[in-house]
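Taken together, the values in this text are just the output of simple stated rules run on the coordinates, not laboratory data. Predicted model, so just to flag it, every value in this text is computed and none were measured. Quick reminder, even Gly has a Cβ in these numbers, built from the backbone with ideal geometry, and neighbours come from all protein chains shown.
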Amino acid sequence: MAWTREQMAQRAARELRDGFYVNLGIGIPTMVANYIPGGMSVCLQSENGMLGVGPFPYEGEEDADLINAGKQTITALPMTSFFSSADGFGMIRGGHIDLTILGSMQVARNGDLANWTIPGKMIKGMGGAMDLVAGVKRVVVVMEHEAKGEPKLLEQCTLPLTGQRVADMVITDLGVFTVARKGEAKLTLIALADGVTLDEITAKTAAKFENGLDRAAA
Amino acid sequence: MSKVYSGASLALAELMRDDMTIMAGGFGLCGIPSALIGAIKLTGVTGLTVISNNCGVDGIGLGVLLEAGQIRKMISSYVGENKLFAEQYLSGKLEVEFSPQGTLAERIRAGGAGIPAFFTKTGVGTIVAEGKEVREFDGESYVMERGLTADVALVHAWKGDAEGNLIYRKTARNFNPVVATAGKVTVAEVEHMAEIGELESDQIHTPGIFVSRIVHVPNPVKHIEQVRTRKRELAGAN
């Protein structure tokens, strides 16, 4: 047993706070928008040039001039503003965005993150990923714990980095870890997914981590 | 001297030559100067260095120039939607310089504003910083990035006037306002050509000084890369 994609998105939604400006990545992170707690006001930013991202449009109401950073059709809200991509990234680089939730291929014990290229295989480019991890105040990674049976939480990333010591938290289908971005490298397990044991997550994690389950429960 | 041209090819007349650097606004297929890109294809110029966040898709946008073998080098942040791109890159026909999206936008903004270089924390400790100066400010490391300009910059706007004032629509604004500032010559295609005085002075996104030539391209075909919709909840159903 482990968490489903929906459950991972739900767990990530617990990192939202009232009044937050948030940037969501593609995939599971996008689903976090479905779990914003009632009564909480969260403003979603899309770095191509929009604050206040609304839901997908109704069929037949798609607007080619209205897309998110994943190039998906979306809608505007009454509070929406549009701006240039330079301003969109000014918000990110300038530390005005409170939280970003994004996927990753690898995360190291010290918070190094690699999610943009596999040398020789994937040459798509980094898009806005490097700007987001370098500039947003808090970086939460949501990813599968393993890729084809290989651990993704490592002592050191083997893929080219997207950012150095940038991850604050890692949510996988097996559990939740916090990461120290400053000082000594420190990865701490704070929650296990339903039906997952400490032995199982230890076996599937290639990075050393501390057990913070008792502290988290207390 | 009128800035208004009656067609995309006329708007590019005597501007294009082999091995020049061009820049194009747009994000994905949103807000791209399609008509002007089509006109570049017709000129047959080759060896182009193209600065643009993306490279279109096969057969659309800058993909058209890629297909025609007119591009020698791309400076982009993301080219994942283009199969031909991967082919040409792997065969060595095409050179690529990846710049993080925010860094790319800022490099263009800086270029247009006369700033030759700036420091950013984006990319520190990654291959993006390799060979570049890294300097510490207030205890944090930043990498030096260079401003970008182009011989010709192409933008797409929603509305414009004969003065070259431009207004963009929704997220089709994206890179267009900064690209408009960074060309030695900037050519704008607009969906609606307004009379002078018709555009609200307070609402103009790109002041006409940045635009040398403008062409009216009514009812352009706009493509969507990722159509996502939700089901309409029918009132009173069941």
Original post:
Can you give the FRET efficiency for B:Glu97 and B:Thr43, using 1/(1 + (r/R0)^6), R0 = 22 Å, r = Cβ-Cβ distance, to the nearest 0.05?
Top reply: 0.40
Original post:
From a point 7 Å beyond the Cα of A:Arg181 in the direction of its Cβ, which residues of segment A:96-115 have a backbone N at a distance under 14 Å?
Top reply: A:96-102, A:110-113
Original post:
Given the Cα-Cα distance of B:Ala117 and B:Glu140 and 0.36 nm per residue of separation, how much length would full extension add, in nm?
Top reply: 6.5 nm
Subject >> For segment B:4-216, share of DSSP beta bridges that run antiparallel, in % to the nearest 5 >> reply: 30
**OP:** Using DSSP, restrict attention to beta bridges with both residues in chain A and report what percent are antiparallel, rounded to the nearest 5.
**Re:** 55
**OP:** May I have the convex hull volume per residue, in Å³, for the Cα set of the protein assembly as shown?
**Re:** 172
Subject >> Alpha-carbon centroids, segment B:1-32 and segment B:178-225: separation in whole Å >> reply: 11
Original post:
Expressed as a whole percent, how much of the Cα-Cα distance distribution for segment A:88-218 exceeds 22 Å?
Top reply: 34
**OP:** For segment B:4-216, divide the Cα radius of gyration by the Kirkwood radius and give the resulting Rg/Rh value with two decimals.
**Re:** 0.99
Subject >> C-alpha center-to-center spacing [segment A:22-49, segment B:65-129] in angstrom >> reply: 28
**OP:** In a Gaussian network model over chain A where Cα atoms closer than 10 Å are linked, find which of A:Glu15, A:Glu200, A:Glu146 has the largest mean-square fluctuation.
**Re:** A:Glu200
Original post:
If one computes the Cα centroid of segment A:101-119 and of segment A:141-173, what distance in Å separates the two points?
Top reply: 5
Original post:
By how many nm would the segment from B:Val185 to B:Glu133 grow when fully extended, if each residue of separation counts as 0.36 nm and the alpha-carbon distance is taken off?
Top reply: 15.7 nm
**OP:** Quote the relative contact order of segment A:5-217 in percent (integer), defining contacts as alpha-carbon pairs under 8 Å separated by 6+ residues.
**Re:** 17
Subject >> Of A:Lys124/B:Lys132; B:Lys93/B:Lys184; A:Lys186/B:Lys121; A:Lys121/A:Lys148; A:Lys71/A:Lys124; A:Lys71/B:Lys170, pairs whose Cα-Cα distance is over 20 Å >> reply: A:Lys124/B:Lys132; B:Lys93/B:Lys184; A:Lys186/B:Lys121
Original post:
How much net charge surrounds A:Lys204 when only other residues with a Cβ under 13 Å from its Cβ are counted (Lys, Arg +1; Asp, Glu -1)?
Top reply: -4
Original post:
How far apart, in nm, are the 7 Å Cα→Cβ label points at B:His192 and A:Tyr35?
Top reply: 4.3
**OP:** Report, for segment B:1-124, the % of DSSP beta bridges that are antiparallel, rounded to 5.
**Re:** 15
Original post:
Thinking of segment B:81-122 as a set of Cα atoms, what percent of all their pairs are more than 13 Å apart?
Top reply: 64
Subject >> Cα-based convex hull, segment B:18-94, per residue volume (Å³, whole number) >> reply: 72
Subject >> Excluding exposed DSSP-loop GluC sites (Glu not before Pro) (at most 14 other C-beta within 10 Å), longest clean stretch of chain B >> reply: B:15-129
Original post:
Over the Cα atoms of segment A:18-83, Rg to Rh with Kirkwood Rh, two decimal places?
Top reply: 0.94
Subject >> In segment A:46-124, GluC sites (Glu not before Pro) in a DSSP loop with at most 13 other beta-carbon atoms within 10 Å >> reply: A:Glu59, A:Glu61
**OP:** Give, in nm to one decimal, the length gained when the segment between B:Arg17 and B:Glu87 is fully stretched (0.36 nm per residue of separation minus the Cα-Cα distance).
**Re:** 22.7 nm
